[in-house]
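The values are calculated or read from the model by the stated rules, or taken from the named source; none is laboratory data. Remember, predicted model here, so these are calculated numbers, not experimental data. Reconstructed Cβ throughout: ideal geometry from the backbone, glycine too, with neighbour counts over all protein chains shown.
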């Protein structure tokens, strides 16, 4: 399987909607979705407005029906990000916005457009660049409600396109939009309705999402799980326009781990990377070790920066781990910059 032949066949079969030239490898569109060269690294956090992205959601109390974010914790997280010089935040939107295009998806008491825009303006004012995120992986799409059982259908594509367009408009054409696409395997869905896309169907849907972003001048990001399991197909099919958010959440870094090897493979093949760690399972060294490994092994031009994740609702129950995770990212940034000074 290779990208050009697949695209020709998929288009002929109607598997994908109108595709921008960037998916065919045309440089002009690639340039439209890439920001100007960055002099500073991205130091990003990921905040989840909703927990309905969780795989096997039944194991986590079931689907939420009401917006559960608590503003006191959100406010504290922003303040802590400012003090730790975090300069970007990916906001996992999913069902937590009052979508005009598809209000049937939205949780009760979701943020309105006005409320979301107020928070985006607030973030920008303190130097934090907000980026939208949806997770369209079938392991993480319970938030789509009935549409999660319509994957790859015309109706599904219409809903996804509407949400992507609305988010991009709300965020005033952001630099990036993240589409998730991780953990789409049976072992992550054993307690739920099981939907798994494979091979050409998976690629057709991915190309649909990224085309919706690229034609609006926004650069797509995805989790890099696919390269772990299908490296040959990945490097034939994945456009370089798509930022790779490779992740590894344990504290030990060994070349024997496929995710660690994938950092090296992605760098060798010239993909731009946002290296991702986490503070979700008593793993305080995760983001620091991620920073040290990637700073040493990835070409600085392709290492866009680092992201810290928490994988917890923004509620009082998880206030401390979220704030501590932000502090850990701040420490990683300080260590990175101190090391950089020593090498100058």
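So the values come out like this:
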quantity: Elements of type helices (runs of 4 or more DSSP H) contained in the range 1-109, each with 3 or more residues being modelled with pLDDT under 65 and within 26 Å of residue 274 (Cβ to Cβ); calculated: 27-32
quantity: Verdict on residue 115 being in contact with a helix residue (DSSP H, G or I) (Cβ under 7 Å, 6 or more places away or on another chain), more than 15 Å from residue 308 (Cα to Cα), surrounded by fewer than 19 Cβ atoms within 10 Å (Cβ to Cβ) and modelled with pLDDT of 95 or more; calculated: no
quantity: Pairs, first on the phi < 0 side of the Ramachandran plot and touching a residue at least 12 places away in the same chain (Cβ under 8 Å) in the range 159-173, second surrounded by fewer than 18 Cβ atoms within 10 Å (Cβ to Cβ) and assigned to a helix (DSSP H, G or I), C-beta under 8 Å, six or more apart; calculated: 170/113; 170/117
quantity: Only one of 152, 137 that is surrounded by fewer than 18 Cβ atoms within 10 Å (Cβ to Cβ) and part of a loop (DSSP other than H, G, I, E, B); calculated: 152
quantity: Residue check for residue 239: part of a loop (DSSP other than H, G, I, E, B), in contact (Cβ under 8 Å) with a residue 60 or more places away in the chain, within 18 Å of the chain's Cα centre (by Cα) and farther than 20 Å from residue 54 by Cα; calculated: yes
quantity: Failed criterion for residue 324 (all others in (1) at pLDDT 95 or above; (2) within 24 Å of residue 70 (Cα to Cα); (3) crowded, with 20+ Cβ neighbours inside 10 Å hold); calculated: (3)
quantity: Qualifying residue in the range 89-109 (condition: surrounded by fewer than 20 Cβ atoms within 10 Å (Cβ to Cβ), out of contact with any helix residue (DSSP H, G or I) (no Cβ under 9 Å at 6 or more places or on another chain) and free of Cβ contacts under 8 Å to residues at least 12 places away in the same chain); calculated: yes
quantity: Residue 180 vs. criteria in a helix (DSSP H, G or I), at pLDDT below 95 and either surrounded by fewer than 21 Cβ atoms within 10 Å (Cβ to Cβ) or in contact with a strand residue (DSSP E or B) (Cβ under 8 Å, 6 or more places away or on another chain) (or both); calculated: no
quantity: Test result for residue 216, under 15 Å from residue 137 (Cβ atoms) and either in contact with a strand residue (DSSP E or B) (Cβ under 6 Å, 6 or more places away or on another chain) or assigned to a loop (DSSP other than H, G, I, E, B) (or both); calculated: no
